[in-house]
Each structure stands twice: as C-alpha cells, then as structure tokens.
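Participant: Before anything else, here's the structure in question.
All of the numbers you see were taken from the coordinates with simple rules; none came from a lab. Since the structure is predicted, the reported quantities are computational estimates derived from the model, not experimental observations.
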Amino acid sequence: MSTQTRSCLEQEIAEKPNAAIADAINAAYRLLSESVVYDGISMSDRAVLLGDDEPYIQVKLIANSDELDLDEEDGIWVNCPVHEDELKAVAEQLGVGSYRDLEMGDVCAIVEKTTIDMLCDAISSFDEINELARAMKEHGVIRELGKYKAILEFENCFDVEEAAELAGKLDDYDFF
C-alpha cells in the first residue's frame, strides 16, 4: 500500500466516529481494488519475496539420547537442504556422535501444506525431508511456488517422496 493510499485510508477511518474493524476492511478493500490493474503477468512469473538461497524447509534437531538431560529448547534449527558435514557439526554441538542420533522437533516450510500434512508425520525421516528440500531447490520451486502448491493440492499429495518427485514435474502442468 502506498503512502498516499495509506493516508487516505487513515483519513477515511478517522472520519467515522465509531469505526469498526469491518469499516476499516471495507475501506482498505475499496481503496486497494481501485489501484489493482491486471498486468498480464501470470502468478508463476511474478517475483516472490524469497530468494533462491532461502531455506525451503527448517527443522529443529534435538539430541535423542537417554544419557543427556536435554529438552526441546536445547535443539538447533537447520536450514534444509543441509549437507552432511553441517549435520555432523550440529551433532557435535548437541553432544551426540552422529546426526542419526538426532530427532526432529519443530518443522516449518515455505509450503504450508507440506509442513502440516507431510513433515509433521512421524513416518517422515529427516533424510526424506532433506531430500525434499534438495529437490525443491534443484528444480527452482521458489520461482513457481504458487504452481507447486497447486500441484500438491491437485495431486492430493501427502507423501514426502511424492512431493519431491512432483517438484521435478512442474513443466508437466499448466497453472492458471
């Protein structure tokens, strides 16, 4: 929203003595819809706020050891895709011998459906999630994020391996 539009919105709301949230929303919608012009660029061609180097998935790794007295707050966030040498450093920092002795805590991703439906599933391993992030990065999903989300919905995808496979098939779909 431009400064001029924001100023108009503030003035319109200030002129209503008992303005409610609905009044503000209606005013904002009216002001913004007047300035929105279709420019003929498809959603998948629009620039996104995320860059190519942004993490596709972030996982909080926690030591999985009965010998250590650690809880979830002691975990370390890693940006996926992550290389094995970085995982070794995380394992050392958490006091375990191998990253295989780490378990996943919280998980977040640029694709909400991926986070909710797949990554939080106890069946998904860290290696599968890291592979999904690698596939997404390799196939430039971030440049066609809307299309990728639509493909996941269209294919009713609930599997990490299938999501990684679909990341490589963006060109097989048309996005409207």
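Participant: Which whole-Hz couplings ³J(HN,Hα) result when phi for each residue of the range 168-175 is put into the Karplus expression 6.51 cos²θ - 1.76 cosθ + 1.60, θ = phi - 60°, listed in order with x for Gly and Pro?
Facilitator: Whole-Hz 3J(HN,Hα) from phi for the range 168-175: x, 10, 4, 6, 7, 10, 9, 10.
Participant: 5 Å is the cut-off here: which amide hydrogens, built 1.01 Å from N in the peptide plane, fall below it relative to PHE158, excluding neighbours closer than 5 in sequence?
Facilitator: The answer is none.
Participant: Could you list which residues have their amide H under 5 Å from that of LEU61, counting only those 5 or more apart in sequence or on another chain, with H placed in the peptide plane?
Facilitator: Under 5 Å from the amide H of LEU61: ILE76, TRP77, VAL78, GLY105.
Participant: Would you please give the residues with an amide H less than 5 Å from that of LEU102, counting only those at least 5 places away or on a separate chain, with H modeled from the backbone geometry?
Facilitator: When sequence neighbours closer than 5 places are left aside, the close amide H contacts are ASN64.
Participant: May I ask you to compute the full-extension gain from GLN93 to PHE158, defined as 0.36 nm times their residue separation minus their alpha-carbon distance, rounded to one decimal in nm?
Facilitator: Separation in residues times 0.36 nm, less the Cα-Cα distance, equals 20.1 nm.
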